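The values are calculated or read from the model by the stated rules, or taken from the named source; none is laboratory data. Given the structure is predicted, the values throughout are model-derived calculations rather than measurements. Here Cβ is always computed from backbone atoms with ideal geometry, including for glycine, and neighbour counts include all displayed protein chains. Side chains included, ligands, DNA and RNA excluded: accessible areas come from the protein's heavy atoms. Shrake-Rupley method; radii C 1.70, N 1.55, O 1.52, S 1.80 Å.
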Amino acid sequence: KSRVVPHGVSLSVGGARPLDREYLVRLKAVVDRLDPPWFTDHLCWTGIAGVDLHDLLPVPFTREAVTFIAERIRIVQDFVGRPFGIENASSYMTYAASQMPEWEFLAALAEKADCGILLDCNNVYVSARNHRFDAEQYIDQVPADRVLQMHLAGHTDKGTYLLDTHSDHVCADVWSRSRRAVRRVGAVSTLVEWDEEIPEWSVLEAEAARARQMRSETL
């Protein structure tokens, strides 16, 4: 039986403004109709003062933010009535106020909110290159029992930074980190994202087949 798992970009669970009740009502209606095992969105904020910036903006990695965002996740999870998974987003800036690395923040957040993690291996790699941290250390520190799903994607090398464009094949370095993640988390659901410069179906099908083969060879 095929399952459709809703994945959002507009929850803004890391934002300072109150959660959008109307959005939550619509989200719950979709989730109830699809009857998925879980639903997901990003660790980010998306706007301020009523203006949606249409981007996934990073949060400061502080203890106060863990408490604040975890409470918002609990509200969302309880309202929708299904397990929720938070995804690590690609980032291009950091905060001077941050008190811990992203992987420690993500683990603490999942524990305090009692939610799952959507581990995006491409986002780990992009952020690691952009901020010069160790992508393998990130993957090794994510709590394996919290990971509900994995994402893979292509990105664009802009020279001084990587941009998460979802417009190309998964690169060799991301495949390598994905294998490392599979060894830790096991045979979880995996999605290959390709949103821009979309090729013909046979190319997409081959990329998905490679993900399946990688998982079967790794486990």
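Summed over region 32-54, residues that are in contact with a Gly (Cβ under 9 Å, 6 or more places away or on another chain) and surrounded by fewer than 18 Cβ atoms within 10 Å (Cβ to Cβ) total 5. Under the condition of being in a helix (DSSP H, G or I) and either open to solvent by 50 Å² or more (accessible area, probe 1.4 Å) or within 16 Å of ARG184 (Cβ to Cβ) (or both), the residues counted in region 124-144 number 12. Of the residues making up region 166-193, those that are open to solvent by 30 Å² or more (accessible area, probe 1.4 Å) and more than 25 Å from ALA144 (Cα to Cα) are ASP168, HIS169.
Hand me the list of helices (runs of 4 or more DSSP H) wholly inside region 4-123 holding 3 or more residues that are modelled with pLDDT of 95 or more and within 27 Å of CYS171 (Cβ to Cβ).
Numbers: elements: 21-34, 63-80, 102-113.
Output list reads 102-113.
Only residues that are under 30 Å from VAL25 (Cβ atoms) and open to solvent by 60 Å² or more (accessible area, probe 1.4 Å): list them for region 81-101, please. The one that is under 30 Å from VAL25 (Cβ atoms) and open to solvent by 60 Å² or more (accessible area, probe 1.4 Å): PRO83. Per the conditions (1) open to solvent by less than 30 Å² (accessible area, probe 1.4 Å); (2) farther than 24 Å from ALA206 by Cβ; (3) without any contact (Cβ under 8 Å) to a residue 40 or more places away in the chain, the sole criterion not satisfied by LYS158 is (1). For region 194-211, the set of residues classified as part of a helix (DSSP H, G or I), loosely packed, with under 13 Cβ neighbours inside 10 Å and among the charged types (D, E, K, R) consists of GLU205 only. Within region 105-123, the set of residues being more than 15 Å from the chain's Cα centre (by Cα) and either surrounded by 15 or more Cβ atoms within 10 Å (Cβ to Cβ) or under 16 Å from GLY154 (Cα atoms) (or both) comprises ALA108, LYS112, ALA113.
Each residue in region 174-193 was checked for being part of a loop (DSSP other than H, G, I, E, B) and touching a residue at least 40 places away in the same chain (Cβ under 8 Å), and 2 pass. If I filter region 156-170 down to residues being under 18 Å from the mean Cα position of the chain (by Cα) and not β-branched (Val, Ile, Thr), which single residue comes out as farthest from ASP195 (Cα to Cα)? Going through the qualifying residues, I end up with LEU162.
Filter region 9-28 down to the residues that are open to solvent by 60 Å² or more (accessible area, probe 1.4 Å) and more than 25 Å from SER90 (Cβ to Cβ) and list them by number. Steps first, answer last, please.
Of all residues in region 9-28, those open to solvent by 60 Å² or more (accessible area, probe 1.4 Å) come to 9, 16-18, 20-22, 25-26, 28.
Selection gives PRO18, ARG21, GLU22, VAL25, ARG26, LYS28.
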